[in-house]
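In what follows, a single structure is set out as structure tokens and then discussed.
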Amino acid sequence: MADNAHDILEWDGPAIGLLDLDAFFASVEQLDHPEWRGLPVIVGGSADHRGVVSTASYEARRYGVHSAMPSAQARRLCPQAIWTQGNFARYREMSSAVMDILLAETPLVEQVSIDEAFFDVTPGRFSRENPIEICRRVQTRVAALGVSCSIGLGVNKTVAKIASERDKPRGLTVVFPGTQASFLAPLPVGAMSGVGPATEKRLATMGIHTLGDLARASTSELRAALGVTGPRLVERAAGLETSHVTERAMPEEVKSVSNERTFDHDLTRGDEVRAAVLHIAAMTGRRLRRKGLEGSTVTLKLRYADLHVRTAQRQLPSPTNDEHVFGPVAVDLLRGLWHEGTPVRLVGVGISDFSDGRGQQMGLFDEVTEDSGSHHRDQASLAKLTDALRDRFGDDAVSYGRDLRFRDHTTGTAPMGKNDA
């Protein structure tokens, strides 16, 4: 709803933008492979090994393909598509370049995923320029990188998020101050983040179908039905949310680092499951070292063949990023989650509760001998050497037996953190 006539209007109040990169992974692939431009491209796991679509280009979406769709279904809908498992290092590089463009406009940039970020361009805070012009400049600079983005601009995060999804790709949807209630009112309640299928169904039983209905609802009734989140949803649906964009989190503010993989066949034997846990733990350890993080809580996640998920955690004596330390702990957690013969579809290992690793106090009964200390240092050195060789020569340059075991038996779909649009 931005046009030249609106540009003469002065922006009065907060100006929050949400930048969403269009079909990001697929767009980067088309950028790096010019011969793929204009063709349906799917980034995701193997259709023969329980893979899932991570991103589909707009050409593929015309056939009904979308994020989170099983790869086998996507192949049936669009058999001529070009498939790739993706280059996540390249995606991170491009994402960083886009975030730098936003940071050149305002220090208040809150990246919420690899392809999405809120930014605050409230007039008078860091610039007196019209926020619409800033958004247009951002889109032009992003396009110069070879990809495109859609931007929603409004007075708070809820409005900006919904607006960013209204006109894709390359859209700029502006909701001027004072118009947010009328913008939101006709939309279904499911258009607002935080309203999932269960909440949407519960609201429907109360006769609440649109955000306008929700904005007019009794806060006391919503509190009784949904708890403390009820009144908050009413406030957001009315466009009255007050948002604060926080600066991009530094590495030490990361809450957790994890890896998970879905296997192309269910794991049922103890040796298979234990090897899978150590395999995923090694991947998590490498990510931790890349980020310079050490954590003191290990989490094991299992998804069974019936799609039921269970997790278990354990506190470590001291922070670490060495899978030789936390991997065996993750394996030990299996005892409370899994029994021999139970089919396992997915394994995940995560580390949280980060520290800089300095000044750790030993436990009262911790025993450290010269041999054990030397063994730990040798393991840590081995992990770092393995990282260096893989960074230089590729992930397959050095492999343990457990890694070789699973090299060709995962779906090829890595967790994305969100379904990118």
Filter pass, residue 76 being in the same structural domain as residue 21 (by TED's automatic domain parsing), in contact (Cβ under 8 Å) with a residue 24 or more places away in the chain and either assigned to a helix (DSSP H, G or I) or hydroxyl-bearing (Ser, Thr, Tyr) (or both): no
Within the range 301-324, considering residues that are in contact with a helix residue (DSSP H, G or I) (Cβ under 7 Å, 6 or more places away or on another chain) and not polar (S, T, N, Q), the one nearest to residue 343 (Cα to Cα): 302
Odd one out for residue 232, checked against (1) of a type in the set (D, E, K, R); (2) in contact (Cβ under 8 Å) with a residue 12 or more places away in the chain; (3) buried (at least 16 other Cβ atoms within 10 Å of the Cβ): (2)
Test result for residue 92, assigned by TED's automatic domain parsing to the domain that holds residue 158, of a type in the set (Lys, Arg) and over 19 Å from residue 147 (Cα atoms): no
Any hit, the range 230-249, residues being in contact with a strand residue (DSSP E or B) (Cβ under 6 Å, 6 or more places away or on another chain) and either in the same structural domain as residue 312 (by TED's automatic domain parsing) or hydrophobic (A, V, I, L, M, F, W, C) (or both): yes
Condition met for residue 57 (of a type outside the set (A, V, I, L, M, F, W, C), more than 30 Å from residue 242 (Cα to Cα) and modelled with pLDDT of 95 or more): yes
Members of the range 15-39 found to be assigned to a helix (DSSP H, G or I) and β-branched (Val, Ile, Thr), listed by number: 28
Tally of residues being of a type in the set (Val, Ile, Thr) and out of contact with any Asp or Glu (no Cβ under 7 Å at 6 or more places or on another chain) across the range 37-64: 3
Number of the exception - residue 89 against (1) buried (at least 20 other Cβ atoms within 10 Å of the Cβ); (2) under 16 Å from the mean Cα position of the chain (by Cα); (3) aliphatic (A, V, I, L, M): (1)
The one condition in (1) more than 30 Å from residue 183 (Cβ to Cβ); (2) modelled with pLDDT under 95; (3) β-branched (Val, Ile, Thr) that residue 41 fails to fulfil: (2)
Those residues of the range 21-36 which are under 25 Å from residue 153 (Cβ atoms), touching an Asp or Glu at 6+ places or on another chain (Cβ under 7 Å) and surrounded by fewer than 24 Cβ atoms within 10 Å (Cβ to Cβ), in sequence order: none
Unmet criterion (only one of (1) in contact (Cβ under 8 Å) with a residue 40 or more places away in the chain; (2) surrounded by 22 or more Cβ atoms within 10 Å (Cβ to Cβ)) for residue 48: (2)
Wholly enclosed helices (runs of 4 or more DSSP H) of the range 229-347 bearing at least 1 residues of a type in the set (Ser, Thr, Tyr) and under 24 Å from the mean Cα position of the chain (by Cα): 229-237, 270-291
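The values are calculated or read from the model by the stated rules, or taken from the named source; none is laboratory data. On a predicted model such as this, the values are computed, not experimentally measured, just so you know. Using ideal geometry, Cβ is built from the backbone for each residue, glycine included, and neighbour counts are taken over all protein chains shown.
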